[in-house]
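Novice: Sharing a structure with you now.
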Amino acid sequence: GLATRMLTPREAQKIVPELNIEGIVAASYNPDDGVVFPWPFVWGYAEAARKLGVEIATFTEVVGFETKGKRIEGVVTNRGTIKTHRVVNAAGAWSPQIARMLGVELPNKPHRHEICSTEPLKPWLTPLVADLSDGLYFSQSTRGEIVGGISNPNVPDGIDQGSSHEFLSLYARALVRTCPILGAVKILRQWAGCYDLTPDANPIVGPVDEVEEFHQVSGFMGHGFMMAPVIGKLMAAWLVERTPLPMFERWSLRRFKEGKLLQEAMIIG
């Protein structure tokens, strides 16, 4: 039921006239899609949660757990212990560290992904543009900056949020190739965050066998921000109602032991 449609290169150029269509075979486009920037999105969710009575503890680090057998008794933080028997591990690239505190091994690996922002320009770019051949993506913010990134397989292992010249070089070449007019635009800044990658590039969602009521919501790569609202809603309903969800069974941690790996073909950025 989505409005996504396939386009010829010329049709794609009508939507983004500055697009260089040399080498493009086909494109897809959904006029109903939107580009959401994270800060107001997260602040809005946090404020709505507070109105419902949720307590949000910022700058609070989990340092361990209190347990009794397979049962969680409390979460130990640098600001005290939170008594609970149920924990949802949604710490992104830090999820394996949290799970390891309870003796659970997640196969997730952090992978640095960098982002670049240009000087602000007059509004001209409506959709997010992505190239599946190299992971390039970019869009224009409400303030006018061109914000985007590109895949870079040559990054250090582990959690690394530093910036690199290699990324800037890869991104700049791809951006100018795709939209030559952007060759004259000045760069403002770049920064990095960690994608949370699993061996089959699919998320890990649901309970684990080793610890009671220890639920996973991790491994979403760059898709997590887009999928978070519906996954959060489904997870909340499942925790309360225990309604069977085939999606969660497919994404169970157990699949790695059973050899039932899935495969995601598209990772942007």
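Novice: For the chain, restrict the atom set to alpha-carbon positions and state the Rg and Dmax in Å.
Specialist: 20.9, 64
Novice: Percent of accessible area on the chain owned by carbon and sulfur, 1.4 Å probe?
Specialist: 58 percent
Novice: Do any GluC sites (Glu not before Pro) in segment 168-233 lie in a DSSP loop with no more than 15 other beta carbon atoms within 10 Å, and if so, which?
Specialist: Answer in residue order: E210, E213.
Novice: Work out from phi, with θ = phi - 60° and the Karplus expression 6.51 cos²θ - 1.76 cosθ + 1.60, the ³J(HN,Hα) of each residue of segment 37-49, listed in order in whole Hz, and give x for Gly and Pro.
Specialist: The phi angles translate into 9, x, 5, x, 4, 5, 4, x, 5, 5, 5, 5, 5 Hz.
Novice: Given springs between every Cα pair under 10 Å in a Gaussian network model of the chain, which of P207, P229, P127 has the largest fluctuation?
Specialist: Of P207, P229, P127, the Gaussian network model singles out P229 as fluctuating most.
Novice: Longest exposed-loop-site-free stretch of the chain, with trypsin sites (Lys or Arg not before Pro), DSSP loop and at most 14 other Cβ within 10 Å?
Specialist: Maximal segment without exposed cleavage sites: 1-69.
Novice: Probe radius 1.4 Å, ligands and nucleic acids left out: which of F225, F37, F220 has the largest accessible area, and how do the rest follow?
Specialist: So the residues, ranked largest to smallest area, are F225, F37, F220.
Novice: Counting DSSP beta bridges in the chain, what percent are antiparallel, to the nearest 5?
Specialist: Just about 90 percent of them are antiparallel.
Novice: Give the residue from A93, N30, W191 lying farthest towards the positive end of the charge dipole for the chain; charges sit on Cβ (+1 for Lys and Arg, -1 for Asp and Glu) and the dipole is referred to the Cα centre.
Specialist: N30
Novice: Sticking with this one: In what sequence, largest accessible area first, do D157, D209 appear using a 1.4 Å probe?
Specialist: Ranked from most to least accessible, the order is D157, D209.
Novice: Quick check on the chain: helices-only [θ] at 222 nm, where DSSP H runs of length 4 and up contribute -39,500 (n - 2.57) each and the sum goes over total residues. Nearest 500, please.
Specialist: -7500 deg cm²/dmol
Novice: Taking the C-alpha atoms of segment 136-241, how large are the radius of gyration and the largest Cα-Cα span, Dmax, in Å?
Specialist: When restricted to Cα atoms, segment 136-241 yields Rg and Dmax of 18.2, 56 Å.
Novice: Any idea how far the Cα center of segment 160-234 sits from the one of segment 245-262, in Å?
Specialist: Cα centroid to Cα centroid, the span is 22 Å.
Novice: Taking the chain as a Gaussian network, where each spring joins two C-alpha atoms under 10 Å apart, which residue of T178, T81, T198 fluctuates the most?
Specialist: The residue that fluctuates most here is T81.
Novice: Additional query: Averaged per residue, what accessible area in Å² does the chain show with a 1.4 Å probe, protein chains only?
Specialist: Result: 59 Å² of accessible area for each residue.
Novice: Just how far, in whole angstrom, is segment 50-107 from segment 8-48 if you go by their alpha carbon centroids?
Specialist: Segment 8-48 and segment 50-107 have Cα centres separated by 36 Å.
Novice: Against the longest alpha carbon principal axis of the chain, how many degrees, from 0 to 90 and to the nearest 10, is the axis of helix 165-178 turned?
Specialist: The helix 165-178 is inclined about 50 degrees to the chain.
The values are calculated or read from the model by the stated rules, or taken from the named source; none is laboratory data. Fair warning: this is a prediction, and the values are worked out from it, not measured in the lab. Using ideal geometry, Cβ is built from the backbone for each residue, glycine included, and neighbour counts are taken over all protein chains shown. Please note that ligands, DNA and RNA were not included when accessible areas were found on the heavy atoms of the full protein model with its side chains. Shrake-Rupley method; radii C 1.70, N 1.55, O 1.52, S 1.80 Å.
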